[in-house]
Structure formats: structure tokens, C-alpha cells
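The values are calculated or read from the model by the stated rules, or taken from the named source; none is laboratory data. Note that the structure is a prediction, hence the values are computed from the model and not measured. Virtual Cβ from ideal backbone geometry, glycine too; neighbours counted across all protein chains shown. Note: areas computed on protein heavy atoms with side chains; ligands, DNA, RNA excluded. Shrake-Rupley method; radii C 1.70, N 1.55, O 1.52, S 1.80 Å.
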Number of protein chains: 2
Amino acid sequence: MDELLAGFEAGEPRALARAISRCESGRGADLIRAIYPRTGRALSVGLTGPPGVGKSTLSAALVAHLRRLGKTVGVISVDPSSPFSHGALLGDRIRLAEHFTDPGVFIRSMASRGHLGGVAGATADAASLMDAFGMDVVLIETVGVGQSEIEIAEIADTTLVALQPGSGDSVQVLKAGILEIADVFVVNKSDHPMALQLQREIRSMMEMLNYQGWIPELVATQAIAGTGVDKLWEAILRHGAWLRESGALVEKRRAAFAHRVRQLALGTLEGQVEAYVASLPAGLDPYAAAAAVLRHFGVDEGATAPGNVRPGGTLRATVKGL
Amino acid sequence: MDELLAGFEAGEPRALARAISRCESGRGADLIRAIYPRTGRALSVGLTGPPGVGKSTLSAALVAHLRRLGKTVGVISVDPSSPFSHGALLGDRIRLAEHFTDPGVFIRSMASRGHLGGVAGATADAASLMDAFGMDVVLIETVGVGQSEIEIAEIADTTLVALQPGSGDSVQVLKAGILEIADVFVVNKSDHPMALQLQREIRSMMEMLNYQGWIPELVATQAIAGTGVDKLWEAILRHGAWLRESGALVEKRRAAFAHRVRQLALGTLEGQVEAYVASLPAGLDPYAAAAAVLRHFGVDEGATAPGNVRPGGTLRATVKGL
């Protein structure tokens, strides 16, 4: 642990890699506690979208652009845990391979499950580590399946939602919630004949959403040729400036912190609840059983009534580096 | 409440409808406790698959077939909470409308969110109510977005996964986990030229999965014409017979009960954790904050180590009607 921290502080990429592995295996608490005071400087950018949209190519193009600007970048690629995703994973790695020997870039693939706390667990740990390690930008790429692409918006400062024209899927059939989380829409493969139509569809969808504060930008890219990636970075910077100036960044990082703590605590509570449920006597109905579980954790049974749940509240927890 | 129960016991569909509404608004605990002793007789069938596959048409065809066999059916249609889904919802209702005046059929649309416990909350309550009301089969239809189509397998006796040929999505890009939950695969729109290819794809995917016990059946249907629906029902019955004879039904219903209790308890705990996180003092790192939350709920901080979580354990809780 001390040796690992020493290597980490000396800026050794191998120490960063080992630190992330430690967090992935659920033994990262002490490490995160040690490095946490140095986090909060990096800009974290989430990138999500349906499969096949070219997220990895977009990541690679964004990394290349940031390197030309002299910025260091950490990339976290969150893979679904399905046994059928290994082909896609390999493809991602190949596209990012040109950056493997650049010390200003650190790339890490992570499974989206298996660790308590899901994306907000090990992924947030990895993002904290890259941040403390000194990366200017931490890019978190999630495939658009499952819960992870919604959760990304909870932990990243800026969320990019990438879509592609002519994919057969119109904007209407997109996964519920994915449009709502976009700070910047990216229409990739902008050379496609349907690209303008997709942009129109997104704009008319945006009119149906009642945006408060930031109104998402829409950027067209052709990531494979690097086209539009400079505009995308400018849009990210504009969103970052808006976050800081409006005070939304403080609020967003508070919420991200609370989300992360909640997921960590609930991950453990889930296991404990499961074990306790297994020990309940026979003959209970589900509500009586749930009430018994809640009494065990010192929560009043009456709390099952929705009115007694306080999802809001004032958060006084720490917000870093703002 | 007493009046509602009296109406319910007298077999009044309006009382069933009101009972489900009560559960949807989170006030169903007493009701479920009262009717729970009469549950466990219905066969519960989950139906899921990607959008556009024809799940509602398939539901309607299955309902028509069951009515011809003299069986009563409750249908629960779980809709995503996205504001963009109302069009599809209306379509579903129209397809099922021919059964609206049949007293042997009870159809209910439910939102997939909003109530503590998600699908396993209000949906499981509605299924219990339909079961106690005397429906022979409870069909739970979920759209293939979000977490709900995986959760359906946790609460239904038999899970159908519907796929359609030539949808552009090959089996490879299906949402992670959806293939693993199928007890019966349904290739709908079997008149499509690509139907045989899809069946081959499913079979070769199945070879990659290491099935223990039941090996999923594959049925081709053309729901709009009613073709193949008899074969589908026979496959469901074969799975039901296997569940009973192998002892898997007892195990499955135990697990469903535990899942439901867990979701109910965690739904409340989540709100409590959220409120407590909001009250934490400033300056904590995420792990220190999570440990403080866990101490508050009487759980040892050391429990955050994965080794201390017991996800298995022996379940002694009640299993009904077997």
C-alpha cells in the first residue's frame, strides 16, 4: 500500500494501473481516502450512446485532439458484463491502441458489474485516481445498455450523448432517459445522407423537454476522419464554463458525491438485507417480511409509506477543488 | 378497505382495479397481507423483448388462445416512464381492446417506476392480486428497456423472450442478460424471410450458454395471424411441468419472494440512506461517508469488503400454493 502510494505520487503509470485494480477488487477504500484530498481538478466527461454509434472512434479522436492541445487524458471504458461483448471490447482497444505508448494518456477498460456500487463504485474510484494522478480530463465511455449510461450523468461533469444517422432507430425508440441526460448531443458519421434529418429530429425532441439552465448543444462529427472534434471540445468547454459560472458545478459534484456514497452504502446494505431475508421465519407475507427487515436495520416500519421518504434534504458533504 | 376486500372477494373487477391502484400508490401493504394466503395458484408468465417485436400482439393472441381453452387471464403491461412512450402505450391498448368486455380477462397498464421497489413492487402486488382474484394465468409484459426485462425473470414462473427477424439488430447486439433469462424464445413474425436465420442464430448462441436443468425451447409465431400461439402455450406448459417435477418451482418462488422483500426493504432504506447522506458533516471522502452511513444502520464498516457480504444463505421464508 505505501509502496503503491509512493509509485502513484511519483507519477508511475504502473502504480495508477495497480491502484485501479485494487479498487476493482473492492479493496480500494484506504487508497481513495489517501488520494481524495488531491481530487477535484480534472474535468470529467461522460460519453454514451447506443451500440455501433462509434463511441470508441469518437473517444480516440477526442484523445488525439486533447493531446495536440497539450492536455493529459484518462480514459475509462465501461464494458457490459455480458459474455457476448468481448468482440466489441477488442475493437475498442484496437481503436485506442495508437495512444498506448503516450505517457499523457492512460486507458482502462472496466467491467460494469461485479463490484459493489456498480458504475458509481469502481468507475468513480478510477476517475478519482486518474484525477489525483494529474490527468486534465477524465473521459468515461459507457456502452448504451443497461443502467450505466444513465448513471454516467450522475458522476460526470459533462455528459455527451452520441447518436448516428440512419441506424434504423429513430430518436423516438431510444432508451428511456438517454435524451434527458445529454449536455452535448453528438451526431457522429455526419457524412451520412440522413445526418441532417437526425439533427432535426434531435432539435424537435429538445423542444419537448423543458430545459432549465443549460440548453444542450448539438455537434456534428465524423470521428473516423477527426472532423468536428474541435467543435465538440469547444462545446464541452462552454458547458464547463457554464457549470462554473452558474454555480451548477458545485451542485452537480455534491450530487455526484452523494450518489457515490449512497451506492457504496446500499451495495453493502443489499448484501446484509439479502442475508437477513434468508433468515426470516416461514409464513410471512412480503410486506410483513420487509417490515421485519427494516426493524432489523433500525428503520420504522411506517417508513414504507412513500410520504416518509425524504429523497431531497440539504447536502453538507464536502465538495472539492472548486 | 373492508368494502374493497368484500368487493374483491365477490369477484368484482372494479374492486380488483381499485386494489391495484391502491398498491400503485404505495398504500397496498394491508391489502396484500389480507389476500396473500390465497395466492400461489396462478401460473405467472413474463414476456419481454426489444421494442417493435410485437409483444402486445403476442399478448393479445395468447389471451385469445387461453380464453378458447377456458382459462382466465390477467395481463399486466409494464410501460417505461419515459415521456416518449405514450404512442406505443396507446397502440398496446388498442391491440388488447377486443378483450376489454370479457370478464375472464383483466388488463392493466402500469408505470415501471415511481413506486418503491420498481417492477418487483407494484407489479408483483398486481400479480398477487390477480392470482388471489382467481386468474389462472397472469401474463406480465415488459418493454425491453431498462432493468425491468431482467427483473421479470426474478418474479415470473416462466419467462418468454420475443425476438423478431430482420430487425437490423443481430442477436449479438441484444441487451446484455436478455438471452440468459429466456425459458422460451419466441421468434415472432415467422413469415419474414430472415426468420430461419434468426432461429439459427439463437440456437448457436444457446450453445455458448451453459444451461443447467431446463434448456430453453424455441417457438416460431406469427402473432398477428394467431399462428404458432398454440405451440407457444404448449411450450409454456412443458416448462411449468418441468418446474413442478424438478422442484425448481419451489426454489424459484422462494427466490421471487426474497427478491420482492429485498426490493421493498431496499426501497425504503434507499430513501433513508439518501436523507442520512444529506446530513453528513463536510470533509469526508466517499468511503468514510459510506462507513458513517453503515454505522448509522447498525452495519459494521468492515462489511464493505466483498468477502463479508453473504448473497446466498438458506431461505426459510414461506412458499405458497405448491
Exercise for the section: Would you check which residues across the stretch B:270-322 are under 21 Å from A:G271 (Cβ atoms), at pLDDT below 85 and within 7 Å of chain A (Cβ to nearest Cβ) and list them? Expected result: B:A303, B:T304, B:A305, B:P306, B:V309, B:R310, B:P311, B:G313, B:T314, B:L315, B:R316, B:A317
Practice task
Would you mind stating whether B:H259 is open to solvent by 20 Å² or more (accessible area, probe 1.4 Å), under 26 Å from B:G26 (Cβ atoms) and at the interface with chain A (Cβ under 10 Å from one of its Cβ atoms)?
Solution key: no
Practice task
Find the residue count for the stretch B:281-300, including only residues that are part of a loop (DSSP other than H, G, I, E, B) and either within 37 Å of the chain's Cα centre (by Cα) or over 18 Å from A:G28 (Cβ atoms) (or both).
Solution key: 7
Handout entry: Any hit, the stretch B:18-31, residues being modelled with pLDDT of 90 or more, more than 12 Å from chain A (Cβ to nearest Cβ), within 25 Å of B:G240 (Cα to Cα) and in contact with a helix residue (DSSP H, G or I) (Cβ under 9 Å, 6 or more places away or on another chain)
Key = no
Practice task
Might you let me know whether the stretch A:226-238 holds any residue that is more than 22 Å from the chain's Cα centre (by Cα), within 14 Å of chain B (Cβ to nearest Cβ) and of a type outside the set (A, V, I, L, M, F, W, C)?
Solution key: no
Problem - Residue in the stretch B:209-247 that is surrounded by the most Cβ atoms within 10 Å (Cβ to Cβ), counting only those that are assigned to a helix (DSSP H, G or I) and modelled with pLDDT under 95 - result: B:A223
Practice task
Residues being over 27 Å from the mean Cα position of the chain (by Cα), closer than 13 Å to A:T221 by Cα and in a loop (DSSP other than H, G, I, E, B): count how many of those fall in the stretch A:188-205.
Solution key: 2
